[in-house]
Amino acid sequence: MDFERSALPGIGLLHIFTTRQGRRVGVVSHRSGRRDLVVYDADDPDSTSETVVLTVEEADGLAELLAASRIVERLADLERQVQGLVSERIPIGAGSPYDGRTLGDTRARTRTGASIVAVVRDREVLASPTPDFAFAAGDVVVVVGTAEGTTAVADILSSG
């Protein structure tokens, strides 16, 4: 995908791309951190049909939502490229011994050889969680490794 980048003196930067359907969409990145999502008119590509003003937090949230499916796609691509590598999504149940405990407490990589690469919490993807990351019931843990390793991580998270 190609982006057009334009400096907006006194404002910030404008990035525009054209969708496969021919619609032009842009993002104005203000110096303040604010982002404007701009949809251009289908009949006049130089005029905007809609502008949505986003706070820094809203822009970050939207970016995470849009990127979440991309992470899953990349993992699937990686599985196809590396024979024997699988990814699993393992829920943290209310009865899990790791509900409220940290990733480091699991010692999952040391015990299984599999890696916890992300956690999905309330539809937000938390990529590359650190050892002090605390799990909560309802989290979905994304694990990459061999089939045996990912199964062993599921066992650890469900029964210790």
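Answer with a single label: of (i) 145; (ii) 173; (iii) 88, which was calculated as volume of the Cα convex hull per residue in Å³ from the structure in view?
Step by step, volume of the Cα convex hull per residue in Å³ for this structure corresponds to label (i).
Based solely on its DSSP helices, what 222 nm [θ] is calculated for the chain when runs of n ≥ 4 H residues each add -39,500 (n - 2.57) and the sum is averaged over all residues, nearest 500 deg cm²/dmol?
-9500 deg cm²/dmol
Pairs of Cα atoms under 8 Å, at least six residues apart: use those to get the relative contact order of the chain, whole percent.
Once divided by the residue count of the chain, the mean separation gives 17 percent.
Given a Förster distance of 45 Å, report the FRET efficiency between Ser47 and Ala137 from their Cβ-Cβ distance, rounded to the nearest 0.05.
Efficiency computed from Cβ-Cβ geometry: 0.35.
Once amide H atoms are placed 1.01 Å from N in the peptide plane, what residues at a sequence separation of 5 or more from Leu126, or on another chain, have their amide H within under 5 Å of its amide H?
Val119, Val120, Arg121
Per residue, how much accessible area does segment 16-66 show when a 1.4 Å probe rolls over the protein heavy atoms, in square angstrom?
69
Could you go through segment 29-40 in sequence order and give the Karplus-derived ³J(HN,Hα) for each residue, using 6.51 cos²θ - 1.76 cosθ + 1.60 with θ = phi - 60°, rounded to whole Hz, and x for Gly and Pro?
9, 6, 4, 6, x, 4, 10, 10, 8, 10, 10, 7
What does the charge add up to near Arg34, with Lys and Arg as +1, Asp and Glu as -1, over the other residues with Cβ less than 15 Å from its Cβ?
Every neighbour counted, the sum reads -2.
Hey, can you grab everything whose amide H is under 5 Å from the amide H of Phe133? Only 5+ residues off in sequence or another chain; H modelled, so Pro and N-termini drop out.
The list, which skips near neighbours in sequence, is Leu103, Gly104.
Quick one: if you stick a label point 7 Å off each Cα along the C-beta vector at Ala147 and Asp60, how many nm between them?
Between Ala147 and Asp60, the label points sit 4.1 nm apart.
The values are calculated or read from the model by the stated rules, or taken from the named source; none is laboratory data. Predicted model, so just to flag it, every value in this text is computed and none were measured. Reconstructed Cβ throughout: ideal geometry from the backbone, glycine too, with neighbour counts over all protein chains shown. We work out accessible area using only protein heavy atoms, side chains counted, and drop any ligands, DNA or RNA first. Shrake-Rupley method; radii C 1.70, N 1.55, O 1.52, S 1.80 Å.
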